[in-house]
Amino acid sequence: MNRAVELSSTPRKIISIVPSQTELLFDLGLDKEIIGITKFCIQPAAKVEQKVKVGGTKQLNISLIKELNPGLIIGNKEENEQAQIEELMELFPVWMSDISDLDGALDMIRKVGELVGKDAEAGTLLSRIEQQFNVTIQQSDLRTAYLIWRKPYMVAGKGTFIEDMLQKCGLVNAFNGDRYPEISNEQLITAKPDVVLLSSEPYPFRDKHIREFESLLPNAKVKLVDGELFSWYGSRLLHAPEYFKELLNSLQSE
């Protein structure tokens, strides 16, 4: 957002308003410093239960945040609502990430580590993630539709972190629209994807939805996938490469 964030000291009261970055902060060892999170911050499950919920990622409880009086708020350009962020910036130090690929995610982890006084821990985490992603995953020519929403259908398009993860998984995005375009049944059929991936988030696709897409695309392979491993750009990246390898193997063996 083209604004500098100035901190007079290492923040002792932190609010995170993005689920993947919340998990990152916990994994950096900031259990005590985290004083507020959103209702969508669900990892690590045992620890988030004990934290104050400050609303949703796009519907923050500004009054409650004022009461908590954080020394730092950590958000994301895509996941949070601009007007609310600008209001909070007038009151507190607010650091925003803007991530569309793996390199951006790694840079975010490094910068967050610097912000919160956990440089060494962030460095160790970065080394482990980079090591995991250095494992070569066989590329395929499987054209893939990655669904994030239903009624209307929405897919992950160009310029998204999810598309970069699809590439890391060895898959080819069947849609060229920017960001998260809405698509019709006809557009989905015309795209002729070999694979349809139904994400567990933000829309909670379930087994019952598989039949819906199999009827539209009888020649496509339809699978439920863990949305956190395709869209969370914090410490969950540690687990993504192995998941991608197993997913691609299963798609190619069917």
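I'd like to verify a number: residues in segment 39-76 that are under 24 Å from R3 (Cα atoms), polar (S, T, N, Q) and out of contact with any strand residue (DSSP E or B) (no Cβ under 6 Å at 6 or more places or on another chain), how many?
4
Take the residues in segment 1-38 that are surrounded by fewer than 18 Cβ atoms within 10 Å (Cβ to Cβ) and among the polar types (S, T, N, Q), then tell me which one is farthest from G113 (Cα to Cα).
N2
So the check is Cβ under 6 Å with 6+ separation or different chains; which pairs have a first residue in segment 122-147 that's free of Cβ contacts under 8 Å to residues at least 40 places away in the same chain and a second one that's of a type outside the set (A, V, I, L, M) and surrounded by 16 or more Cβ atoms within 10 Å (Cβ to Cβ)?
Note: pairs meeting the criteria are Q139/G170.
Any chance segment 235-244 includes a residue that's crowded, with 17+ Cβ neighbours inside 10 Å, farther than 27 Å from C41 by Cα, over 15 Å from the mean Cα position of the chain (by Cα) and not charged (D, E, K, R)?
Within segment 235-244, none of the residues are crowded, with 17+ Cβ neighbours inside 10 Å, farther than 27 Å from C41 by Cα, over 15 Å from the mean Cα position of the chain (by Cα) and not charged (D, E, K, R).
Residues being open to solvent by less than 30 Å² (accessible area, probe 1.4 Å) and under 23 Å from G29 (Cβ atoms): count how many of those fall in segment 124-161.
Of the residues in that region, 3 qualify.
Given S231, S250, which one is of a type in the set (S, T, N, Q), touching a residue at least 40 places away in the same chain (Cβ under 8 Å) and out of contact with any Cys (no Cβ under 9 Å at 6 or more places or on another chain)? Don't jump to the end; show me each part of the working.
Details: S250 fails: touching a residue at least 40 places away in the same chain (Cβ under 8 Å).
Only one candidate qualifies: S231.
Out of G170, G113, I need the residue that is surrounded by 19 or more Cβ atoms within 10 Å (Cβ to Cβ), touching a helix residue (DSSP H, G or I) at 6+ places or on another chain (Cβ under 8 Å) and more than 22 Å from D226 (Cα to Cα). Which one?
That would be G113, the only listed residue that is surrounded by 19 or more Cβ atoms within 10 Å (Cβ to Cβ), touching a helix residue (DSSP H, G or I) at 6+ places or on another chain (Cβ under 8 Å) and more than 22 Å from D226 (Cα to Cα).
List pairs: first residue in segment 101-117 and at negative phi and modelled with pLDDT of 95 or more, second residue of a type in the set (V, I, T) and not in a helix (DSSP H, G or I) anywhere in the structure, Cβ distance under 6 angstrom, at least six positions apart or on different chains.
A105/I99; M108/I99
Name the residues in segment 24-34 that are touching a strand residue (DSSP E or B) at 6+ places or on another chain (Cβ under 6 Å) and either without any contact (Cβ under 8 Å) to a residue 40 or more places away in the chain or more than 17 Å from R236 (Cα to Cα) (or both), would you?
Narrowing segment 24-34 to residues touching a strand residue (DSSP E or B) at 6+ places or on another chain (Cβ under 6 Å): 25, 33-34.
Across segment 24-34, the qualifying residues are E33, I34.
Go through the residues of segment 178-199 one by one and say whether even a single one is of a type in the set (A, V, I, L, M, F, W, C), touching a residue at least 12 places away in the same chain (Cβ under 8 Å) and open to solvent by 50 Å² or more (accessible area, probe 1.4 Å).
Our first condition is that a residue be of a type in the set (A, V, I, L, M, F, W, C); within segment 178-199, this holds for 183, 188-189, 191, 195-198.
Cutting the leftovers down to touching a residue at least 12 places away in the same chain (Cβ under 8 Å) gives us 183, 188-189, 191, 195-198.
Of the ones still in play, those that are also open to solvent by 50 Å² or more (accessible area, probe 1.4 Å) are 189.
So far as segment 178-199 goes, yes, one or more of its residues are of a type in the set (A, V, I, L, M, F, W, C), touching a residue at least 12 places away in the same chain (Cβ under 8 Å) and open to solvent by 50 Å² or more (accessible area, probe 1.4 Å).
If F213 passes every condition in (1) in contact (Cβ under 8 Å) with a residue 12 or more places away in the chain; (2) within 21 Å of Q21 (Cα to Cα) but one, which one does it miss?
(2)
Show the residue pairs that are 6+ apart or on different chains and have beta-carbon atoms under 8 Å apart, the first residue being within segment 61-77 and more than 15 Å from T38 (Cβ to Cβ), the second being of a type in the set (D, E) and open to solvent by 40 Å² or more (accessible area, probe 1.4 Å).
Pairs that qualify, where the first residue is more than 15 Å from T38 (Cβ to Cβ) and the partner is of a type in the set (D, E) and open to solvent by 40 Å² or more (accessible area, probe 1.4 Å), are K77/D98.
On the given criteria, is Y203 under 17 Å from Y233 (Cβ atoms), under 16 Å from the mean Cα position of the chain (by Cα) and either open to solvent by 70 Å² or more (accessible area, probe 1.4 Å) or of a type in the set (F, W, Y) (or both)? I'd like the intermediate steps shown before the answer.
Numbers: under 17 Å from Y233 (Cβ atoms): no; under 16 Å from the mean Cα position of the chain (by Cα): yes; either open to solvent by 70 Å² or more (accessible area, probe 1.4 Å) or of a type in the set (F, W, Y) (or both): yes.
So Y203 fails the test.
Kindly state which helices (runs of 4 or more DSSP H) lie completely within segment 36-121 and contain at least 3 residues that are small (G, A, S).
102-115
Out of Q84, Q43, report the one residue that is of a type in the set (S, T, N, Q), in contact (Cβ under 8 Å) with a residue 40 or more places away in the chain and buried (at least 16 other Cβ atoms within 10 Å of the Cβ).
The match here is Q43.
What number of residues in segment 154-167 are part of a helix (DSSP H, G or I) and among the aliphatic types (A, V, I, L, M)?
Adding up the residues that qualify gives 3.
The values are calculated or read from the model by the stated rules, or taken from the named source; none is laboratory data. Fair warning: this is a prediction, and the values are worked out from it, not measured in the lab. Here the Cβ is made from the backbone with ideal geometry for all residues, glycine too, and neighbour counts use every protein chain on show. For accessibility, only protein heavy atoms count, side chains too; no ligands or nucleic acids. Shrake-Rupley method; radii C 1.70, N 1.55, O 1.52, S 1.80 Å.
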